[in-house]
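As structure tokens, the structure follows; a few thoughts come after it.
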Amino acid sequence: MHFNGRLIFKTVSVILLLEGITMLIPFAFACYFREYASATSFFCVMVVCITFGETMRRVVKKTSKKIKAREGYFTVIISWLFVILLGAMPYLWTEQSYSFIDCWFESCAGWTTTGCTVMNPDLMPRSILLWKAINGWLGGMGIILLTISIFPRLGIGGQKMAAAEVPGPELDKLTARFGDTAKISYGMYIFLTVLEFLLLLPTGMGPYYALANTLSTISTSGCINMSATQTAFALTPYVRFILSTFSLLGGTNFLVFFLLYVRKFGLAVRHFEARVYVIIIAVVTCVITLNLYHSTRYTSLADAFGDGVMQTIAFSSTTGFVVTDISMWPTLSKVLLVILALVGGCGFSTSGGLKTIRAIVFFKLIIRGIYKRIHPRAIKPIMIQGKPVSAQNASSITVYILLYFALLMFGSLVLSLDNFGMETTLSAVVATISTNGTCFGMLTGSDFSFFSGPAKLFLTILMLAGRPELYAVLIMFSPSYWNSDRASQ
């Protein structure tokens, strides 16, 4: 099997160059906080990334931008593996004596926006914690680029993946040119980030926590432990509102922001997936609030609503932050939160999970199946926003959902070898494959440190599979992918 080596090498080089440049931020904070070991590690990795990336970018000759589907998938995986590997080096070279497996897990949790940890956040250097939040911010934007900017360059396979993400011809891309789409998406993402940062600054948490929480929420990575940071600032109603609002925005389809950008306010308000997403959150919030209040764990309906709405948004957007002891919540509330994490946010968003649009189409397929049993000769297409979903897209979504739950069962089977409780085992798989980062059992604090080394490595595979939409990772295990005689070019 032959690959376009020059294009792959050049792409990875540019990505490493950008990773090195972003290390300037935690390096500056490490110097400010006098975390000299962390500053040294950031400086060394930064020099390697920038030097190697810029040199290779200039040395490698230009090549055709048109690449085949298999080359595209390979480039995506190699890029993710390289950024995770080099992103793990600052953890490894600090004075905390972290193992390589733990550093790899922590870096992968950051880049995939899973946000879970195997390290004590109270003992972690602040510059390292900020680096993880930066990883989450970059990883959150990365999934948008993969679906609406990079994948269309991969050929027919990439376009089918983007179509399966959000069915409907008008949702395949935001503009005629995908380069323009990427620029607009980045602009909206940066604007939301700056806006949240400015809104958090007056709260008294300081620039560091304002930046870290901003990067954690808008990317839906949830890298900052809310309980651990309450000593630095109070989770006032205003802070809760800002964090919840921007987590919600991070899980919303970016097409809504694009429609607002081009002043098509009516279309933005009527966007079907976004409306269903908000309705689901509102309904589940009401149910959880009443369930908490009547369970006698809350004496105030306002407190039950405050925790209920924040945790509902955290799980539905797969941000995964925790502001209260959810392990003691009633079973109904727990089950609802798990379902929200599995479904996730909207397509074309920074959240993980199945995506709301897939759940909508799948539900409509079930309703149609029941209807066809009664009226076998009837023609009843699946309609989204007044347009029919093609049979190809409907089939692709069905296969993806079946694959998602098959991986969920297989992951649970593998993790059961560590012999922890059923709730903890299933929660670990749900937390990683949905990139929520937290769940129930022993994982309500997003702490995965009790798992064995092999289990941690397997969990990083689940994180990677959950971030670039399963196929990019699972296709690497297909024999036909590596056999050029059998694989379709």
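Give all pairs with beta carbons closer than 6 Å in which a residue from the range 85-96 that is free of Cβ contacts under 8 Å to residues at least 24 places away in the same chain meets a residue that is assigned to a helix (DSSP H, G or I) and buried (at least 18 other Cβ atoms within 10 Å of the Cβ); count only pairs at least 6 apart in sequence or on separate chains.
Within 6 Å, the pairs are Ala88/Cys103; Ala88/Trp104; Ala88/Ser107.
Kindly indicate whether any position in the range 432-443 is assigned to a helix (DSSP H, G or I) and surrounded by fewer than 15 Cβ atoms within 10 Å (Cβ to Cβ).
Within the range 432-443, none of the residues are assigned to a helix (DSSP H, G or I) and surrounded by fewer than 15 Cβ atoms within 10 Å (Cβ to Cβ).
Please pick out the residue among Val269, Val278, Val284 that is touching a helix residue (DSSP H, G or I) at 6+ places or on another chain (Cβ under 9 Å) and over 21 Å from Gly320 (Cβ atoms).
The unique qualifying residue is Val269.
Looking at Thr289, is it free of Cβ contacts under 8 Å to residues at least 40 places away in the same chain, surrounded by fewer than 23 Cβ atoms within 10 Å (Cβ to Cβ) and either under 18 Å from the mean Cα position of the chain (by Cα) or at positive phi (or both)?
Here the answer is no, as Thr289 does not meet what is asked.
How many residues are touching a helix residue (DSSP H, G or I) at 6+ places or on another chain (Cβ under 6 Å), over 24 Å from Thr319 (Cβ atoms) and polar (S, T, N, Q) when one looks only at the range 402-456?
The number of residues fulfilling the criteria is 2.
With at negative phi, part of a loop (DSSP other than H, G, I, E, B) and not basic (Lys, Arg) as the only criterion, which of Thr312, Thr350 stands out?
Thr350
Run down Val323, Val278 and say which single residue is assigned to a helix (DSSP H, G or I) and either free of Cβ contacts under 8 Å to residues at least 12 places away in the same chain or over 16 Å from Ile218 (Cβ atoms) (or both).
Val278
Let's see how each residue does on (1) closer than 18 Å to Tyr209 by Cα; (2) crowded, with 24+ Cβ neighbours inside 10 Å:
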position	(1), (2)
Cys108	no, yes
Trp111	no, yes
Gly115	yes, yes
Val118	no, no
Asp122	yes, no
Pro125	yes, no
Lys132	yes, yes
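Can you tell which of Lys387, Lys380 is over 21 Å from Gly320 (Cβ atoms), surrounded by 12 or more Cβ atoms within 10 Å (Cβ to Cβ) and without any contact (Cβ under 8 Å) to a residue 24 or more places away in the chain?
From the options Lys387, Lys380, the qualifying one is Lys380.
No value in this document is a laboratory result; all are computed from the given coordinates. The model shown is predicted, which means the values in this text are computed figures rather than measured ones. Note that each Cβ is placed from the backbone with ideal geometry, even for glycine, and that neighbours are counted across all protein chains shown.
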